[in-house]
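The values are calculated or read from the model by the stated rules, or taken from the named source; none is laboratory data. Every value quoted in this text rests on a predicted model; they were computed, and no experiment measured them. Please note: Cβ atoms are built from the backbone with ideal geometry, for glycine as well, and neighbour counts cover all protein chains shown. To get the accessible areas, we keep the full protein, side chains included, count just its heavy atoms, and leave off ligands, DNA and RNA. Shrake-Rupley method; radii C 1.70, N 1.55, O 1.52, S 1.80 Å.
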Amino acid sequence: MRVALFVTCLADALFPDVGRATVAVLRRAGCEVEFPLGQVCCGQMHANSGYRREALALVRRHTEVFSAFDAVVTPSGSCAAAARHQHATIATRAGDEDLADAARALAGKTYELSEFLTDVLGVVDLGASFPHRVTYHPTCHSTRLLHLGERPLTLLRHVRGLELAPLPDASTCCGFGGTFAVKNADTSTAMLADKMAAVRASGAEYVTAADASCLMHIGGGLARLRTGVRPIHLAEILAAREGGAGA
Amino acid sequence: MTGPVRDRRAATGDGGRGCPAGPLDLPHASPIGQLRQREPFPDAARVALRDSQLRANLGRATATIRAKRAAAVGEVPDWEALRLAGAAVKDDALDRLDELLATFSERVERAGGHVHVARDAAEANGIVCRLVAETGVGEVVKVKSMTTQEIGLNDALSAAGVHAVETDLAELIVQLADDLPSHILVPAIHRNRSEIRQIFLDHMPGVDPALADEPEALAAAARRYLRDRFLHASVAISSANFAVAETGTLVVVESEGNGRMCLTLPETLISVVGIEKLVASWADLGIFFQLLPRSSTAERMNPYTSTWTGVTPGDGPRNLHVVLVDNGRRATRADPIGREALRCIRCSACLNVCPVYERVGGHAYGSAYPGPIGAVLSPQLTGIEDNWSLPFASTLCGACYEVCPVRIDIPDLLVELRARHVEHARTKAKGAARRRAGDALEAAVMAASGWMMGGPRRWAAATRVVGTLSPLAARGLLDHLPPPLAGWTESRALPPLPRESFRAWWVRTQGGRDIDGAPVPAPAPTPTQLPAPMPTQLPVPSRARDLPVGTPTPAAAGSASARPSPPVSAGASAAALLARFAERLADYGSGVWFTEEEGVAAAVAGRVRGGLVLAAPGLDPAWLAGVPGAAHDDPSRPAPELDAVATAVTACRLAIAETGTIVLDHRDDQGRRALSLVPDHHVCIIRAEQIVAGVVEAVEALDPARPLTWISGPSATSDIELRRVVGVHGPRRLDAILLGAPEDLPPSAEPAPPRPSAAPPTPAGGASPSADSSRRYRPGLRASR
Ligand code: SF4
């Protein structure tokens, strides 16, 4: 099976460890991973900010780059959701039905990492070891658009040494929302404060999620307050091995 | 907290011209009223966020209602199918709007009402003011209404010298404080009990200075204050939750009984109705009477629903005026993407789950419509540029769409409106809008990033810049960035910047050769056939009637938190229906009693606690035999006289097992609407064979030409901190006497407690009822069916 990694622009530029961990996890699960260098960004930020001309160009590129693969896997619930729910609409509203068709076809084989592992590969135990207390934040798009539900938690429960700490009010938005965090910084900060309080109340050493963007936001807040609770992407935990030999 | 400023100019929409006769020949005006923000959302939100009391009030209230809603919705196995049906019915009505409006108007006129058409707020206000002026009154009573908020009717009336008394508890609180509503359903949600007490002490004439801050005491104070006004008002103003085209019926859904007072007692009723409230057929209500209460107040059924068609001789208002309001709705309807917002049934579920609303409250939205639906509806009704910042007031978390009972994809609409704003700014905006610094800078950033992402080379170059910044970040030099990123770095640290991007690493290591890719101990077999990703969209049927309501959908399955009892089916036995009805009605805090035919008189007598007892004119006299001095109502007596009555005794048209609802159609054995409303205690006798399984069966069986009152427990309010208080304007006590064959009655009910000595029974007339042998419903009976 030709599996393409869509690493996302954010992980590519700012969180390459997330990409490396995703590669490691997929290989251990028996996949051959390719990274098409033509990929850039799913266009979600542009689309959600109202810049649809720019978004359309990115959707077109994304569709061209990935259409030839059997499956596209991405370590981001939000970007998987964009491909699955937004791309065809963007194309249709721009009057490009061919692109919309191609985007729909691609949407049918685009997966968020935990979804790909559990639903497609049927793997829940990646042989990972992460002896820490971890709380999981179900990000909005992975919860409400992808309906990931228990999948990430199932994977985490199979990680050796990992103690899963329940997160109070888990499904409440962390307040990131892309440009929302900048345009409505005060409201975003208020939401972040509540999320951080919940994370701290969980007693966890690490907060994890299926989205690097929300983690950047939550982790940024936790770091500014010097709480000692660290953000870590789900893929990084799944790639972690005994003795710290991760990705 | 900082009080919001009222836009007096917007109220009349004519620069304060006031309220002359409705100029129906005006050129098409843009919609006006209380729909425009006065400052951008982020600025308004900043002020609200500083109000820690507001945040605490809102946080508590919304958390409460969220949990309750989830439970109420979890009980309905076909909830997802119902949502689809609700959306389809509304879409169908919007498609056929002109046809349905014509039918509706014709039916209303035929039933003795008058229909007026207003294109915008100013016209609507003009019409209402003229109608009120014709009656010569200086005061009107009002039922809570979003539409009249939207058009700014109260200010228009006030400019015309008419005082509009808000009678909904929360609206009253808002009005007394000269505040603005901040929630669709609970307009004073931003106030807690001690603030409300203070408002009453400061502004409510005749209030007891020793008023406590218990919600019960506050509700009682409102009851005392408003009762006289209800009894003596001659004009009422309402809106409607639904308008049924095929029958010309209007519907008001409420809790406190203030709606029933306004719809029943005054001589003239003016109903101001947005044209999107239309549904095609009477049967459609069977869908919305399930969706609305569970989504809004999180109840199986709200305490009172009134439906009326035109004028009913001898019962209720003699003059009915319906003012149909456009105010931007037709323009919204013409928009193929945005029209979805007109499905909204104003349940407020989207507000209660919105993380932004929860933090900033309703005032920051600057419109009669706050929260997620306000963020799409207000800019659509006014045109995007008048409310350009609202669509950005969301993280697009999707919680609103998830709960919306008519499946309005609010996040999608928000994104669409954002795009329209950006396009407007790019192409048409001149002057201020174009120069708006944030806009210009953002446009530059977006264009630049779009260019950068235009190809892998440019993008690779951009990611290399991150690497060069990495040492700066490590030394803390990027900890505080200038605007617009200051908002980010003020409260969040930047992540440590990597020296090498993912793609650079991939290229350098020739596809990540350095990665430990040893397979997991037991590699799973790789399926050759890829399963498709989870479907997340349900198929949308073209017509609601095509839907098999009753079929559980995958999305609904397993969503219920606790195991709710499955709904009773339409074919359930009389005993099963009776048991379910009793359980559900008792849940609202009503007394529920079982008896056989011979025991009715004693059971009625056993419920009376002294005072005047008045029965519906056609009620079987034998049923009153145990109450000395009980009389039958004479409908020609003025309704205010009913205030002296302690207990009203009526029969009913039917009852609904699933929701514990009693429906009266006010025939002879049930009496005029005022009879079961004004007295503080209502005793209702229900025959087991009158109980139907669910709301759909009830709607089918009822005659829309009759005025109908749906009663689910005693009057109640949740307007103070969303805590349920039983007893506001309608009867504070409701006793249901369930009359059945011995084999249908639950076996193990306990006998009634001894009659209170205050009302000693003296058998009247020739009948000599035995002692009260009726048995009270106790929750434990649920199992015995
Ligand atoms: S948009 Fe939907 S959830 Fe929000 S008030 Fe309207 S009907 Fe209710």
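In this view, the solvent-accessible surface of B:ASP703, computed with a 1.4 Å probe and all protein chains in place, comes to about 60 Å². Spatial offset of region B:567-637 relative to region A:53-115 amounts to 63 Å, using the alpha carbon center of each.
Here the protein assembly as shown carries DSSP beta bridges of which approximately 30% are antiparallel, counting only pairs with both residues inside.
Rounded to the nearest 20, the Cβ-based charge dipole of region B:61-168 about its Cα centre (Lys and Arg +1, Asp and Glu -1) stands at 340 debye.
Taking the Cα atoms of region A:54-201, the ratio Rg/Rh between the radius of gyration and the Kirkwood radius comes to 1.03. With N the number of residues in region A:3-120, Rg(Cα) / (2.2 N^0.38 Å) evaluates to 1.00.
The listed residues A:THR172, B:THR395 rank as A:THR172, B:THR395 when sorted by accessible area, largest first, using a 1.4 Å probe. Protein-only accessible surface at a 1.4 angstrom probe places the residues A:PHE15, A:PHE180 in the order A:PHE15, A:PHE180, largest first.
How much of the calculated P(r) for region A:133-239 lies past 17 Å, in percent of all Cα pairs? The calculated P(r) of region A:133-239 puts 48 percent of pairs beyond 17 Å. Solvent exposure of B:HIS363, expressed as accessible area, is near 40 Å², computed with a probe of 1.4 Å over the protein chains only. Only helical runs count toward this figure. For the protein assembly as shown, summing -39,500 (n - 2.57) over DSSP H runs of n ≥ 4 and dividing by all residues gives -11000 deg cm²/dmol at 222 nm.
Accessible surface calculations at 1.4 Å, restricted to protein heavy atoms, place region A:133-239 at 33 Å² per residue.
Among DSSP beta bridges lying fully in region A:3-120, give the percent that are antiparallel, nearest 5.
Expressed as a percentage, antiparallel bridges in region A:3-120 total about 0.
Annotation: B:GLU106 carries an accessible surface of approximately 80 Å², with a 1.4 Å probe and no ligand, DNA or RNA atoms counted. Accessible-area rank, largest first, for B:GLU658, A:GLU112, B:GLU721: B:GLU721, B:GLU658, A:GLU112, with all protein chains present and a 1.4 angstrom probe. If only the Cβ of Lys and Arg carry +1 and only the Cβ of Asp and Glu carry -1, the dipole of region A:133-239 around its Cα centre is close to 140 debye. Please report, to one decimal in angstroms, the Kirkwood hydrodynamic radius of the protein assembly as shown built from all distinct Cα-Cα pairs. Every distinct Cα pair counted, the radius reaches 30.8 Å.
About its Cα centre, the protein assembly as shown has a charge dipole of approximately 2900 debye under the convention of +1 per Lys or Arg Cβ and -1 per Asp or Glu Cβ, with nothing else charged. Under the criterion of Cα pairs below 8 Å and six or more residues apart, the relative contact order for region A:3-120 equals 28 percent.
Using 0.36 nm per residue of separation minus the Cα-Cα distance, give me the extension gain between B:ALA447 and B:GLU139 in nm, one decimal.
Working: separation 308, 0.36 × 308 = 110.88 nm, distance 5.76 nm.
So the chain would gain 105.1 nm between B:ALA447 and B:GLU139.
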